[in-house]
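The values are calculated or read from the model by the stated rules, or taken from the named source; none is laboratory data. As the structure is a prediction and not an experimental result, all values here were calculated from the model. Cβ placement follows ideal geometry from the backbone for every residue including glycine, while neighbour counts extend to all protein chains displayed.
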Amino acid sequence: MATLTDLGFCQGVIFETIICTFNSSGCPNVAPMGVTLEDEQRVALTIYNSAKTLKNLQNTRVATLNLTDDIDVYYMSALKSAEVSADLFEKSTVVNAPKLKKCDASIALSVESFKAVDMLRTRVVCCVESVEALKRFPVAYCRARAAVLEAVVHATRIRVLCGIESERLKVVRLYGLIQDCMDIVNRSAPNSHYVELMVDLQEKVDLWRAS
Ligand SMILES: Cc1cc2nc3c(=O)[nH]c(=O)nc-3n(C[C@H](O)[C@H](O)[C@H](O)COP(=O)(O)O)c2cc1C
């Protein structure tokens with residue numbers, strides 16, 4: 001079995017993954033989440049209490065972490081921009097959780113503990129039950145893809161914080177960071193799918209801030 005170190009995980013660094021869980025009706029839920037390595041057998045996530053993923057983990061105590069650089073999966077699952085199609089998933093053979101059919105690696109997890117970080121977030125430590133890695137061609141680095149991912153992270157924070165008066169300045173700062181990401185996308189990949197995603201994201205953020 002491949003190890004987390006084989007997949008590039010190391011301590012002190014946050015790695016971005018797609019976490020899949022089942023909700024209480026048995027429907028798959030998918031969301032991007034940052035993960036840190038505790039040790040070779042355990043990972044930790046810090047999850048906003050408002051996230052469905054946290055509720056699902058509390059109910060089922062299992063999940064899969066899926067590695068992909070497909071920006072559309074990040075975009076759709078972070079912003080719930082489209083109905084999640086059941087076709088995206090298959091059931092893990094290791095834990096009672098869905099996994100992405102198309103991904104570079106899938107890590108089956110069981111929850112070890114939950115601990116409140118603050119009023120808004122919970123830290124979840126999970127044990128690694130299995131690691132499944134696929135081989136494929138290397139993917140060339142593209143700044144626009146990285147910029148869209150950054151912008152989506154900022155947008156999901158704005159969505160959580162924009163109703164909280166004391167976080168108003170943070171929201172303004174995050175909005176400015178999205179504009180910087182937009183500049184990078186416009187410069188490095190004009191007329192691309194990345195621009196379309198950024199335009200859609202900007203519309204969503206403007207709506208959240210106005211409501
Ligand atoms: C790259 C990336 C990393 C993210 N990491 C986290 C995280 O570590 N914790 C968290 O609560 N939300 C994180 N988010 C935001 C969630 O994915 C987002 O709020 C999502 O809609 C939650 O979905 P859920 O309600 O189905 O769990 C991240 C978003 C992106 C794009």
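Identify, from the list S110, S25, S106, the residue that is exposed (fewer than 14 other Cβ atoms within 10 Å of the Cβ) and over 12 Å from the mean Cα position of the chain (by Cα). Being exposed (fewer than 14 other Cβ atoms within 10 Å of the Cβ) and over 12 Å from the mean Cα position of the chain (by Cα) holds for just one of S110, S25, S106, which is S25. Listed here are the strands (runs of 3 or more DSSP E) enclosed by segment 1-65 that have at least 3 residues being free of Cβ contacts under 8 Å to residues at least 40 places away in the same chain, more than 9 Å from the ligand (Cβ to nearest atom) and assigned by TED's automatic domain parsing to the domain that holds K101: 28-39. Cβ separations smaller than 9 Å between residues 6+ apart or across chains give the following pairs from segment 168-194 residues that are part of a helix (DSSP H, G or I) to residues that are surrounded by 14 or more Cβ atoms within 10 Å (Cβ to Cβ) and aromatic (F, W, Y): V185/Y194; S188/Y194. The single condition among (1) away from the ligand (no atom under 12 Å from the Cβ); (2) under 15 Å from the mean Cα position of the chain (by Cα) that F89 does not satisfy is (2). Looking across C162, C142, C127, one residue alone is within 30 Å of K102 (Cβ to Cβ), out of contact with any Leu (no Cβ under 8 Å at 6 or more places or on another chain) and of a type in the set (A, V, I, L, M, F, W, C). It is C142.
Only one of the listed residues (S110, S130, S106) is in a strand (DSSP E or B), in contact with a Ser or Thr (Cβ under 7 Å, 6 or more places away or on another chain), within 26 Å of C27 (Cβ to Cβ) and not hydrophobic (A, V, I, L, M, F, W, C). That residue is S106.
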